[in-house]
Amino acid sequence: MTVNKKIFPRSSGVLLHPTSLPGRYGIGDLGEWAYRFVDWLESAGQSIWQVLPLGPTSYGDSPYQSLSAFAGNPLLISLDKLVSEGWLKPGELSDIPDFPLHQTDFGNVIPYHDKKLSLAYAHFEANARPDQRAAFENWCKQQASWLDDFALFSALKDFNGGKPWVEWPEGEALRQPAALEAARKIHASAVTERKFRQWLFSRQWIELKSYANSKGVRLIGDIPIFVAHDSADVWANPQYFYLDAAGNPTVIAGVPPDYFSPTGQRWGNPLYRWDVLKSDDYDWWIKRIQAVLSLVDIVRIDHFRGFEAYWEVPASEPTAVKGEWIPGPGMDFFRVVLDKMGNLPIIAEDLGLITPGVVEIRDGFGLPGMKILQFAFGGAGGENSFLPHNYIPNCVVYTGTHDNNTTVGWWLGDEASGDIRRFLPEYLGHSVTEINWDLIRLGMMSVAHTFVVPMQDVLGFGEDTRMNTPGKESGNWGWRFTADWLNHHAHERLAYLTRLYARWPQQNGS
């Protein structure tokens, strides 16, 4: 399996969601510190910045349960940039609450930002120049295929007290034409305001991406294979999902029972009607990939395994035990995507139970899979596929992902078993004193064309900075670091290893 060196030169980078950046407003955003982080990456020889899904979040604050597969998260909009653009007055940001420095307090961040974004819209409505209005209206027309539905969905969701769309009045929930026409008129201002927020996000993100690319930093984005039931995607496109007459899922996604969970995992996402999607030439999916690739340079598709087969669970079941494997769209899907798009800058998240069919799709289209170093040292001895000596060049290696503990937290906690503690020093050839740097070095020196390390592992942070614990209902996605950590000596050490193992951009002609 050859490597597409134009898309995947030998390189390295950092996994950090923008919400984790420093800043005054309770959550990282697309302002000053995003640009400073790009500068930090460039000066350390890093040519990749990987982020999580960028969509607007809902209950639980998970970027993997977004209200839209196409929209951006308005919480990422830089309020300072709105001041410089004239949409907010400096004095209107003088009431910043005492937000925590190391965590995002979503319960207080959301209403504060919502209030400021509404103020910005009011100023735009009152003071925008004709050319600014024209730019906004032209962008809305270009994005109408998803934006019109999302803006109405978002306005209706707020009007209905945040309830899931299946709990709205029937006419709105089931998209009866007369009800939608009336809703567009009643909520016209709210709909336009939500379009305005998406325009702001798009402008700020594209500006940041352009800056990053000019510094030799490419962005890796993330596409969860499934979408949330309570999303504009399902509400606006019910024909693509297995739903009953009221709009509720009849079958849902999950994974079967295994060593870690005797009842499996009941994710709850509605499942695709792949036959209907195929009859439309996978148009919705291709637009989804194209939309994400307008914001990033490469996409990681989460739960890639689901394209080969997925675990279907009756929605009435309380656990995932009574499910069955159902064939996915397989090779046909990627043939159409390749035909429509011309190339596939895609990373396949191929973790978990991987069948020969999954390997056939991944390797048949030359897609790099993922290797996780925290998974390398338990069981299977030297045959473990996550051990660096078993890698092929066409893969992306991580110390851990957003779902893993930090490497320091993993090593110091209960996850690293006695077998792991015995084997890992043998593999390294020395005792473990700085586990995060031991794994960073292993990833850097490997033949994998791409190495990505979470920012927490660069800084040597422990379990209290973990981004997500799967199965934990609250307390996830909130970690942030403060500005002083960008001056930490870890920067020089990362740069040294990057150059030593030939991942510096100039060493590879990128």
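We did not get these values from a lab; they are worked out from the coordinates using the rules stated. The shown structure was predicted, so the numbers you read here are calculated from the model rather than taken from an experiment. Don't worry about glycine lacking a Cβ; one is built from the backbone with ideal geometry, like all the others, and counts go over all protein chains shown.
Could you work out the relative contact order of the chain, using alpha carbon pairs under 8 angstrom and six or more residues apart, expressed as a whole percent?
20
Mean separation of Cα pairs under 8 Å and 6+ residues apart, divided by the residue count of segment 391-508: what relative contact order is that in percent?
Reported relative contact order: 35 percent.
In the chain, with Lys and Arg counted as +1 and Asp and Glu as -1 at Cβ, which of these residues, Pro130, Ser385, Leu41, has the Cα nearest the positive end of the dipole, that is, farthest along it?
Selected residue: Pro130.
What is the Cα centroid distance between segment 215-262 and segment 325-378, reported in whole angstrom?
18
Nothing charged except the Cβ atoms of Lys and Arg (+1) and of Asp and Glu (-1): what's the magnitude of the dipole of segment 237-367 about its Cα centre? Round to the nearest 20 debye.
Using only the charged Cβ atoms, the result is roughly 200 debye.
Within straight cross-link reach of Lys185, meaning Cα distance under 16 Å, which lysines are found once same-chain residues fewer than 8 apart are removed?
Once the sequence-local lysines are set aside, what remains near Lys185 is Lys157, Lys195.
Quick check on packing: order 162-169, 192-199 by the mean number of other C-beta atoms within 10 Å, highest mean leading.
Order by mean packing, descending: 192-199, 162-169.
Can you sort Leu174, Leu21, Leu500 from fewest to most other Cβ atoms within 10 Å of each residue's own Cβ?
Leu500, Leu174, Leu21
For Leu243, what residues show an amide H to amide H distance below 5 Å, using hydrogens built from the backbone and excluding near sequence neighbours?
HN-HN under 5 Å from Leu243: Thr250.
When the Karplus curve 6.51 cos²θ - 1.76 cosθ + 1.60 is applied with θ = phi - 60°, which whole-Hz ³J(HN,Hα) does each residue of segment 394-400 get, with x for Gly and Pro?
7, 8, 10, 10, 10, 5, x
Let's test the formula: R0 of 41 Å, r as the Cβ-Cβ distance of Lys340 and Arg184. What FRET efficiency results, to the nearest 0.05?
Using R0 = 41 Å, I get an efficiency of 0.85.
Report the net charge of residues surrounding Phe377, where surrounding means a beta-carbon distance below 13 angstrom and charges are Lys +1, Arg +1, Asp -1, Glu -1.
Overall, the nearby charge balance is -2.
Give me a comma-separated list of calculated 3J(HN,Hα) values for segment 153-167, in order, Karplus coefficients 6.51, -1.76, 1.60 applied at θ = phi - 60°, integers in Hz, x for any Gly or Pro.
4, 5, 5, 5, 5, 5, 5, 8, x, x, 5, x, 4, 5, 9
Quick check: from the Cα gyration tensor, does the chain come out rounded (a/c under 1.5), prolate or oblate?
Verdict is oblate for the chain.
In whole Hz and in residue order, list the ³J(HN,Hα) couplings for segment 183-188 that follow from phi through the Karplus curve 6.51 cos²θ - 1.76 cosθ + 1.60, θ = phi - 60°; x for Gly and Pro.
Per-residue couplings from phi come out as 5, 4, 6, 5, 9, 4 Hz.
Kindly provide the trypsin sites (Lys or Arg not before Pro) of segment 437-495 that DSSP labels as loop, not H, G, I, E or B, and whose Cβ sees at most 12 other Cβ atoms within 10 Å.
Here the sparse-neighbourhood loop sites are Lys472.
Under 16 Å Cα to Cα from Lys209, which aspartates and glutamates show up? Leave out anything in the same chain fewer than 8 places away.
Cα-Cα hits under 16 Å: Asp29, Glu32, Asp39, Glu42, Asp222, Asp297.
Show me the chymotrypsin sites (Phe, Trp or Tyr not before Pro) within segment 258-356 that DSSP assigns to loop and that have at most 11 other Cβ atoms within 10 Å of their Cβ.
Tyr259, Phe260
In the chain, with Lys and Arg counted as +1 and Asp and Glu as -1 at Cβ, which of these residues, Ser78, Pro9, Ile223, has the Cα nearest the positive end of the dipole, that is, farthest along it?
Pro9
Which shape class, rounded, prolate or oblate, goes with segment 245-292 when its Cα gyration tensor gives a ≥ b ≥ c as root eigenvalues, a/c under 1.5 marks rounded, and past that a/b bigger than b/c marks prolate?
Prolate shape, in that a/c is at least 1.5 and a/b is the bigger ratio.
Evaluate E = 1/(1 + (r/R0)^6) for Arg133 and Glu167, where r is the Cβ-Cβ distance and R0 equals 45 Å; express this FRET efficiency to the nearest 0.05.
0.80
Shape of segment 167-307 from its Cα gyration tensor (a ≥ b ≥ c, root eigenvalues): rounded if a/c is under 1.5, otherwise prolate when a/b > b/c, or oblate?
oblate
Say the dipole of the chain comes from +1 at the beta carbon of Lys and Arg and -1 at that of Asp and Glu; which of Leu344, Ile96, Leu21 then lies farthest toward its positive end?
Of the listed residues, the answer is Leu344.
Taking H as built 1.01 Å from N, whose amide H comes closer than 5 Å to the amide H of Asp302, not counting residues under 5 places away?
Residues meeting the amide H criterion: Ile223, Ile225.
May I ask you to sort Lys371, Lys89 by Cβ crowding, counting other Cβ atoms within 10 Å and putting the fewest first?
So the ranking, lowest neighbour count to highest, is Lys89, Lys371.
What lysines sit close enough to Lys278 to cross-link, taking a C-alpha to C-alpha distance under 25 Å and skipping anything fewer than 8 places away on the same chain?
Lys287, Lys340
So which GluC sites (Glu not before Pro) in segment 419-482 are both in a DSSP loop and have at most 10 other Cβ atoms within 10 Å of their Cβ?
Answer by residue number: Glu473.
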